[in-house]
Amino acid sequence: MERFGLDDFRELLGVDKGRLTTYGNLNQYAIKPALLEVNALSDFTVSIVPEQTGRRVTGFVIGWGAKDIEGKRAAYAELQRPRVGRKARITGTVEEMLPSAIIE
């Protein structure tokens, strides 16, 4: 586990000063997409928890750990597939023209 202040975390994500200034925007456009991609494509699973002082987010706690064998295999298999459609596969929103039972 590691703790980051808000400014340090924004720098870690590569967010320019003056961009994504509210926590809601930072979370929606930077944190969630990065977390989704790292957890889907790497050998590690990462969690990010905001730290609050009152109602204001003042920092983040990041935790990580190694995936089990099945998780590593799934990440490797996804990396071997084309990047086209990766976001839909990761989020589980892939639409199929025909059920896979009919195709086989």
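Every number here is computed from the coordinates shown, using simple stated rules; none is lab data. This is a predicted model, so every value here is computed, not measured. Note that each Cβ is placed from the backbone with ideal geometry, even for glycine, and that neighbours are counted across all protein chains shown.
Residues 46, 57, 94: which one is over 16 Å from the mean Cα position of the chain (by Cα), closer than 19 Å to residue 9 by Cβ and among the hydrophobic types (A, V, I, L, M, F, W, C)? Step by step, each of 46, 57, 94 is checked, and only 57 is over 16 Å from the mean Cα position of the chain (by Cα), closer than 19 Å to residue 9 by Cβ and among the hydrophobic types (A, V, I, L, M, F, W, C). Flag: residue 5 matches the condition of being farther than 22 Å from residue 86 by Cβ, touching a residue at least 12 places away in the same chain (Cβ under 8 Å) and of a type in the set (Gly, Ala, Ser). Residues in segment 11-63 that are touching a Phe, Trp or Tyr at 6+ places or on another chain (Cβ under 7 Å), free of Cβ contacts under 8 Å to residues at least 24 places away in the same chain and crowded, with 16+ Cβ neighbours inside 10 Å were compared, and the one that is nearest to residue 80 (Cα to Cα) is 48.
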